[in-house]
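Participant: This structure is in structure tokens; I'll ask about it shortly.
The values are calculated or read from the model by the stated rules, or taken from the named source; none is laboratory data. Since the structure is predicted, the reported quantities are computational estimates derived from the model, not experimental observations. Ideal geometry is used to build each Cβ from the backbone, glycine not excepted, and the neighbour counts take in all protein chains shown.
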Protein chains: 4
Amino acid sequence: MLETPVIVLNVKTYEEATGPKVFEIAQLMEKISKEMDASMAISVQATDIKSCAERFSIPVFAQHIDPIKPGSHTGWTLPEAIKSAGAVGTLINHSEHRLILADIDVCIKRAKELNLDHIVCSNNVETSKAIAALSPNFVAVEPPELIGGDISVTTADPDIVSNSVKVVKGISKNVKVLCGAGVKNGKDVSKALELGADGVLLASGIVKAKDKETVIADLAKGL
Amino acid sequence: MLETPVIVLNVKTYEEATGPKVFEIAQLMEKISKEMDASMAISVQATDIKSCAERFSIPVFAQHIDPIKPGSHTGWTLPEAIKSAGAVGTLINHSEHRLILADIDVCIKRAKELNLDHIVCSNNVETSKAIAALSPNFVAVEPPELIGGDISVTTADPDIVSNSVKVVKGISKNVKVLCGAGVKNGKDVSKALELGADGVLLASGIVKAKDKETVIADLAKGL
Amino acid sequence: MLETPVIVLNVKTYEEATGPKVFEIAQLMEKISKEMDASMAISVQATDIKSCAERFSIPVFAQHIDPIKPGSHTGWTLPEAIKSAGAVGTLINHSEHRLILADIDVCIKRAKELNLDHIVCSNNVETSKAIAALSPNFVAVEPPELIGGDISVTTADPDIVSNSVKVVKGISKNVKVLCGAGVKNGKDVSKALELGADGVLLASGIVKAKDKETVIADLAKGL
Amino acid sequence: MLETPVIVLNVKTYEEATGPKVFEIAQLMEKISKEMDASMAISVQATDIKSCAERFSIPVFAQHIDPIKPGSHTGWTLPEAIKSAGAVGTLINHSEHRLILADIDVCIKRAKELNLDHIVCSNNVETSKAIAALSPNFVAVEPPELIGGDISVTTADPDIVSNSVKVVKGISKNVKVLCGAGVKNGKDVSKALELGADGVLLASGIVKAKDKETVIADLAKGL
């Protein structure tokens, strides 16, 4: 399982992180991760999992799996396929890729069967608790209205983080909690940890940064 | 664009075609394609596009694209991503991965922007005509009730093929027509061409065959 | 079938048109329809079909049907149910309620089986043509970006109307064409007819109007 | 809130329960409910809520609500609309009408705002617990593979009932638990109560019965 505290980068389908362009970002993360002994993971598009996993030592995650077994599922994302490509984990139920509840349950079970780490996204305290009831590795709470914005969830709504930690740990001590939305610097990261989170999930904060190296190093300082 | 007449293999998310296992199938298709001068393409899972495109000379297709541009679309399939990985085309609206009409229109437009070949699947004569109205490269008619079955669409329902050809060509001579469902041997292929189709789309007929080489060679004879 | 030219009001799920509140609007339409000999229809929420159909002589439409037959489909909208409640027709594939292509085809066939009028919504010229290929009674073209706005489609994008008329009639003379989005007054209606449309589909233009009677009468003058 | 123990009938979109045909069933339930002092409710199609609520004294439920507020949501089911039509409650997330997790949360909150009873369906013990974490009135556990079958969940899989009761009550004593799938007679009902459930949810057991009166009376004896 991911070492915590951890910084997880979701590169989404940003142009700056499609195909070989993602290598620059992954390389910086790998470098800073080693230099600063900081736990970091990168979640890339399905098409880029294999080339990233072959090139870099940081954990590579998928951005999504579908609730399926091998068979007739043209164009869907098979958990076995992302594992075979080299992913060690996956996001599930990201705010931009919601699943029905019964399918979240199946995805978590499939991830466990294949020993894939899995970060299941929630949008508020109630859904954090509901997801914790399904016993995933990680719950990542991200208020949708703050995603991609300028203010970190840890500043804009610290209670959603601390209360998610409280309800999730109330269900099970084994479930770790990340938080995300608007996270941009080391102060946001250290605030997340103060609030009880085991790390952060972020995207544009790194991918859209002009000086990515400085931003990643600053984030790592917050751990 | 794909040379026609053509045999397009969709390997779905079958276990026998996930990760490196798909190489055996792609290699056989490449070999027979050369030996028999037969036009063939393979549609693989997103995670396997890059490694197949690097290894094999036959055209590699994605199984799906989403109606999106680069941006915040975690876990969806960006057309630019499959192109960057080496795909020269994609299936759209496969029977196992249906899209809303407005999104089929967007996917076709996005594929054209990126010079990606695109095979848009229909389920009957009416939807073949509707898709032709959107001016794709290819329409592939596949009656869902025959998919994965033992009887070829060309035997079970030849009229759906000839009538799809008729209505599609009535809309535009530039749109090519494939047919699929239950296609298993060279006779099915030659019958498809007799009915006016420009090729076939198949899956289990090859992937689940014990002697894949013999089956692929027999299919190629039908061209 | 609806007499054309026609004004079709979709009351959506607006608070001002939920439950008995919709009666005031339906009554005004009925009154003005009679006084001015103008063809008008009202498309109401499923829960309000029966009470509207019992009270008013203007045609009552559903806002949606699902592609189903009687059976195990908890909470979906059965075509037989809206007919039994008194609807004489339905919208299909409204911009706020998109369907996959194969399901649009099923909905049109189910509507025809039950002699229900059906207005199938499109979002541009290409999808207008695709829908026409499925032989519905009506295609209603509504550019999503203009829906609910202040400028009528007939002013903002007259070509989308005239070109939709052209491509639809090119497929079949029997398919009638409505247009919608931002339609607010009699001038917009008369412009729609000039552009070749057989009527208009509108929503907020009436439902959100302060003086509904004046607005409806003005719209009717445009016919 | 529904008095418990309770029998809730979901008539789905069965032909035998569409339009005025549902009155016969509702009338029998009303009669037996009074005679035997048994708590019963009926969940009908949206189009039939008003006429049932006007005619019968037993609680009338909707089969579904969408996670929306009044506004531009053509053809979706507005919670205010079912309440205005006379429903006192609704099913949410039925096995045939699944919702994404964030939307289940919104539907429960909307139901509470409007004082609508709400029965949220789950498919196994894990999802029962997850739903309980969202604090609904009722969780109804129904294994999809047993729905519509001949063997009652209380016989085929009694553990799913008793374990759902256990995990739900572990989250909150205030959440009541129903069970369903294959429930057909009074013995199944009394077994459900023995297993800790507060009632049953059933459909074909009544709707498809030849002698509905005898079946309903027998079910009521099980309370």
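Participant: If the Cβ limit is 9 Å and pairs must be 6+ apart or interchain, which residue in the stretch C:18-38 that is farther than 24 Å from D:Leu78 by Cα pairs with which residue that is among the polar types (S, T, N, Q)?
Facilitator: Close Cβ pairs (under 9 Å, with a partner that is among the polar types (S, T, N, Q)) amount to C:Glu30/C:Ser57; C:Ser33/C:Ser39; C:Ser33/C:Ser57; C:Lys34/C:Ser57.
Participant: Considering only residues that are over 17 Å from D:Ala132 (Cβ atoms) and within 7 Å of another protein chain (Cβ to nearest Cβ), which ones fall in the stretch A:101-133?
Facilitator: Passing the criteria: only A:Asn123.
Participant: Specify the residue that is surrounded by the fewest Cβ atoms within 10 Å (Cβ to Cβ); the eligible residues are those in the stretch A:57-67 that are among the β-branched types (Val, Ile, Thr) and over 27 Å from B:Gly148 (Cβ atoms). First the steps, then the outcome.
Facilitator: Residues of the stretch A:57-67 among the β-branched types (Val, Ile, Thr): A:58, A:60, A:65.
Then keep just the ones that are over 27 Å from B:Gly148 (Cβ atoms); that gives A:58, A:60.
Values: A:Ile58: 22, A:Val60: 25.
The residue in question is A:Ile58.
Participant: In the stretch C:55-65, is there at least one residue being touching an Asp or Glu at 6+ places or on another chain (Cβ under 8 Å) and among the β-branched types (Val, Ile, Thr)? It would help to see each step written out before you state the result.
Facilitator: Filtering the stretch C:55-65 for residues touching an Asp or Glu at 6+ places or on another chain (Cβ under 8 Å) gives C:56-59, C:61.
Narrowing the set further to residues that are among the β-branched types (Val, Ile, Thr) leaves C:58.
Yes, some residue in the stretch C:55-65 is touching an Asp or Glu at 6+ places or on another chain (Cβ under 8 Å) and among the β-branched types (Val, Ile, Thr).
Yes or no, residue by residue, for (1) surrounded by 24 or more Cβ atoms within 10 Å (Cβ to Cβ); (2) touching a strand residue (DSSP E or B) at 6+ places or on another chain (Cβ under 9 Å):
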position: D:Met1; (1), (2): no, yes
position: D:Gly19; (1), (2): no, no
position: D:Met36; (1), (2): no, no
position: D:Gln45; (1), (2): yes, yes
position: D:Asp48; (1), (2): yes, yes
position: D:Arg55; (1), (2): no, no
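Participant: Answer with yes or no whether A:Ile147 is β-branched (Val, Ile, Thr) and within 7 Å of another protein chain (Cβ to nearest Cβ).
Facilitator: No.
Participant: In the stretch A:205-223, which residues are outside any helix (DSSP H, G or I), of a type outside the set (Asp, Glu) and over 16 Å from A:Pro158 (Cβ atoms)? Spell out how you get there, then give the answer.
Facilitator: Of the residues in the stretch A:205-223, the ones outside any helix (DSSP H, G or I) are A:208-211, A:222-223.
The next check asks that each one be of a type outside the set (Asp, Glu); those that pass are A:208-210, A:222-223.
Result: A:Lys208, A:Ala209, A:Lys210, A:Leu223.
Participant: A follow-up question, please. Within the set of pairs 6+ apart or on separate chains, which have a first residue in the stretch B:49-65 that is more than 8 Å from chain A (Cβ to nearest Cβ), a second that is part of a loop (DSSP other than H, G, I, E, B) and hydroxyl-bearing (Ser, Thr, Tyr), and C-beta atoms under 7 Å apart?
Facilitator: Correct list of pairs: B:Ile65/B:Thr77.
Participant: Return the pair list, or none, for Cβ contacts closer than 6 Å from residues in the stretch C:190-205 that are among the basic types (Lys, Arg) to residues that are outside any loop (DSSP other than H, G, I, E, B), at least 6 apart or on different chains.
Facilitator: From the stretch C:190-205, the pairs are C:Lys191/C:Thr154.
Participant: For the condition at pLDDT 95 or above and not aromatic (Phe, Trp, Tyr), what is the one hit in A:Asp150, A:Asp198? Break it down into steps so the answer makes sense when it comes.
Facilitator: Details: A:Asp150 fails: at pLDDT 95 or above.
It is A:Asp198.
Participant: Oh, and also: Is it the case that some residue within the stretch B:26-44 is within 12 Å of chain A (Cβ to nearest Cβ) and within 25 Å of B:Ala111 (Cα to Cα)? Break it down stepwise before answering.
Facilitator: Residues of the stretch B:26-44 within 12 Å of chain A (Cβ to nearest Cβ): B:43-44.
Of the ones still in play, those that are also within 25 Å of B:Ala111 (Cα to Cα) are B:43-44.
Within the stretch B:26-44, one or more residues are within 12 Å of chain A (Cβ to nearest Cβ) and within 25 Å of B:Ala111 (Cα to Cα).
Participant: Let me ask something additional. Which is within 13 Å of chain B (Cβ to nearest Cβ) and buried (at least 24 other Cβ atoms within 10 Å of the Cβ), of A:Pro79, A:Pro136, A:Pro70?
Facilitator: Working: A:Pro136 fails: within 13 Å of chain B (Cβ to nearest Cβ); A:Pro70 fails: buried (at least 24 other Cβ atoms within 10 Å of the Cβ).
On inspection, the qualifying residue turns out to be A:Pro79.
Participant: Now, a different point. Can you tell me which residue is surrounded by the most Cβ atoms within 10 Å (Cβ to Cβ) among those in the stretch C:82-102 that are within 13 Å of the chain's Cα centre (by Cα) and not in a loop (DSSP other than H, G, I, E, B)?
Facilitator: By that ranking, first place goes to C:Ile92.
Participant: Checking D:Gln27 against (1) surrounded by fewer than 18 Cβ atoms within 10 Å (Cβ to Cβ); (2) closer than 18 Å to D:Leu201 by Cβ; (3) not charged (D, E, K, R), which test does it fail?
Facilitator: Of the numbered conditions (1) surrounded by fewer than 18 Cβ atoms within 10 Å (Cβ to Cβ); (2) closer than 18 Å to D:Leu201 by Cβ; (3) not charged (D, E, K, R), the odd one out for D:Gln27 is (2).
Participant: Based on what the data block shows, is A:Asp105 among the charged types (D, E, K, R) and part of a helix (DSSP H, G or I)? Explain how you work it out, then say what you get.
Facilitator: On the way: among the charged types (D, E, K, R): yes; part of a helix (DSSP H, G or I): yes.
So A:Asp105 fits the description; yes.
Participant: Another question about this same structure. Identify the single condition in (1) buried (at least 21 other Cβ atoms within 10 Å of the Cβ); (2) without any contact (Cβ under 8 Å) to a residue 60 or more places away in the chain; (3) of a type in the set (A, V, I, L, M, F, W, C) that A:Ile7 does not satisfy, given that it satisfies every other one.
Facilitator: For A:Ile7, the failing item is (2).
Participant: Examine the stretch C:168-179 for a residue that is closer than 25 Å to C:Ala209 by Cβ, under 17 Å from the mean Cα position of the chain (by Cα) and surrounded by fewer than 23 Cβ atoms within 10 Å (Cβ to Cβ), and state whether such a residue exists.
Facilitator: No - not one qualifying residue is present in the stretch C:168-179.
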